[in-house]
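The values are calculated or read from the model by the stated rules, or taken from the named source; none is laboratory data. Everything quoted here is computed from the prediction, not taken from an experiment. Don't worry about glycine lacking a Cβ; one is built from the backbone with ideal geometry, like all the others, and counts go over all protein chains shown.
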Amino acid sequence: MSAVPLGVAPRFWKQWVMGRNPVRYLDLLRDRFGDLVRARGFFDFYLVNDPELVGTVLVNKERIVDRVDPRNPIYRRIANIGRSGLATSGPQHWRQQRRRIAPLFGASAIRGFGASMLAAAVEWSERWDARSRAGTALDLKDEMNELSLEVNTRCLFDAELRDDHARLQRWFDAMKDYLQAFPYPLVSAWWFPSPLHLRTKRALRGFDRWAAELIAQRRAAPRAPDAADMI
């Protein structure tokens with residue numbers, strides 16, 4: 001891999017843009033300082049835009065990147081939502097979790113995912129066709145969110161959770177809003193009782209209750225082990 005020069009942005013350089021439009025801010029950093037940039041200010045981070053370097057960071061064979069850094073406000077944000085998930089776990093727990101879910105993605109499972117995805121896509125396309133013929137406007141953002149949720153529940157839980165879509169989507173929207181918010185000092189602390197934090201914590205409690213109910217239902221009517229049992 002060819003060397004990628006490191007560009008260093010002046011402290012607080014245009015970080016007001018990030019508070020309003022994070023993607024625009026990253027574009028500005030790339031255009032001004034290159035494909036590898038150190039940004040400093042409200043919080044420090046590195047922007048990695050070079051494809052080869054992105055691959056190196058994601059694979060992380062040389063252990064050059066420590067994903068678990070409680071000092072990093074972006075990590076803390078993800079950890080508040082994901083708790084002990086794959087994205088926020090330390091190396092040992094991460095390996096245990098990865099080994100546990102690896103069977104979900106074997107060849108036969110992937111073929112089953114494909115069939116479920118195709119069935120959901122056909123169902124949604126027929127629904128969209130009927131609505132368009134009736135002259136009904138579609139909100140594609142909401143439709144694609146609902147389709148993605150349907151595909152995930154069919155593939156991972158082997159179930160159609162149509163009755164739960166509205167509340168699941170509401171919870172996920174609250175979590176997404178939290179993850180996308182700019183981590184300003186003090187007010188972004190998880191203990192700070194901002195409307196965004198209160199809404200996010202309500203969503204997490206609701207989702208946890210829903211998951212506990214799903215687990216109880218599976219245990220009450222056991223069947224052959226599958227993806228849902230692993231999850």
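Odds and ends about this structure:
- The single residue among Arg77, Arg100, Arg83 that is modelled with pLDDT under 85 and either aromatic (Phe, Trp, Tyr) or within 19 Å of the chain's Cα centre (by Cα) (or both) turns out to be Arg83.
- Filtered by the rule that a residue be of a type in the set (Phe, Trp, Tyr), surrounded by 11 or more Cβ atoms within 10 Å (Cβ to Cβ) and closer than 20 Å to Asn152 by Cβ, region 83-118 gives a lone residue, Phe113.
- Candidates Pro10, Pro70: the one that is loosely packed, with under 12 Cβ neighbours inside 10 Å and more than 23 Å from Trp191 (Cα to Cα) is Pro10.
- Scanning region 13-46 for residues that are under 19 Å from Leu186 (Cα atoms) and touching a Gly at 6+ places or on another chain (Cβ under 7 Å) gives a single hit, Gln15.
- Entry remark, region 167-179: residues being surrounded by 17 or more Cβ atoms within 10 Å (Cβ to Cβ) and of a type outside the set (Ser, Thr, Tyr) number 4 in total.
- Meets criteria (loosely packed, with under 12 Cβ neighbours inside 10 Å, assigned to a helix (DSSP H, G or I) and not aromatic (Phe, Trp, Tyr)) for Ala121: no
- Among helices (runs of 4 or more DSSP H) entirely within region 139-231, having at least 3 residues that are touching a His at 6+ places or on another chain (Cβ under 9 Å) and at pLDDT 80 or above singles out 140-157.
- Qualifying residue in region 77-84 (condition: free of Cβ contacts under 8 Å to residues at least 12 places away in the same chain, more than 30 Å from Pro183 (Cβ to Cβ), among the small types (Gly, Ala, Ser) and in a helix (DSSP H, G or I)): no
- Within region 180-212, considering residues that are more than 20 Å from Trp16 (Cβ to Cβ) and in contact (Cβ under 8 Å) with a residue 60 or more places away in the chain, the one surrounded by the most Cβ atoms within 10 Å (Cβ to Cβ): Thr200
- Beta carbons closer than 7 Å, at least 6 apart along the sequence or on distinct chains, pair a first residue in region 130-158 that is over 27 Å from Arg219 (Cα atoms) with a second that is of a type in the set (A, V, I, L, M) and modelled with pLDDT of 85 or more for Arg131/Leu138; Leu147/Ala120.
- Residues in region 11-43 that are under 18 Å from Leu179 (Cα atoms) and either acidic (Asp, Glu) or out of contact with any Pro (no Cβ under 7 Å at 6 or more places or on another chain) (or both): Gln15, Trp16, Val17, Met18, Gly19, Arg20, Asn21, Pro22, Val23, Arg24, Tyr25, Leu26.
- Selection status of Phe113, assigned by TED's automatic domain parsing to the domain that holds Trp191 and under 25 Å from Met175 (Cβ atoms): yes
- For Thr88, the test of being not assigned by TED's automatic domain parsing to the domain that holds Ala203 and not in a helix (DSSP H, G or I) is passed.
- Residue in region 53-65 that is in the same structural domain as Leu26 (by TED's automatic domain parsing) and touching a Leu at 6+ places or on another chain (Cβ under 8 Å) present: yes
- Total residues in region 13-29 satisfying the condition of being over 23 Å from the mean Cα position of the chain (by Cα), surrounded by fewer than 15 Cβ atoms within 10 Å (Cβ to Cβ) and at pLDDT 90 or above: the figure is 0.
- Breaking point among (1) exposed (fewer than 12 other Cβ atoms within 10 Å of the Cβ); (2) not in a helix (DSSP H, G or I), for Gly41: (1)
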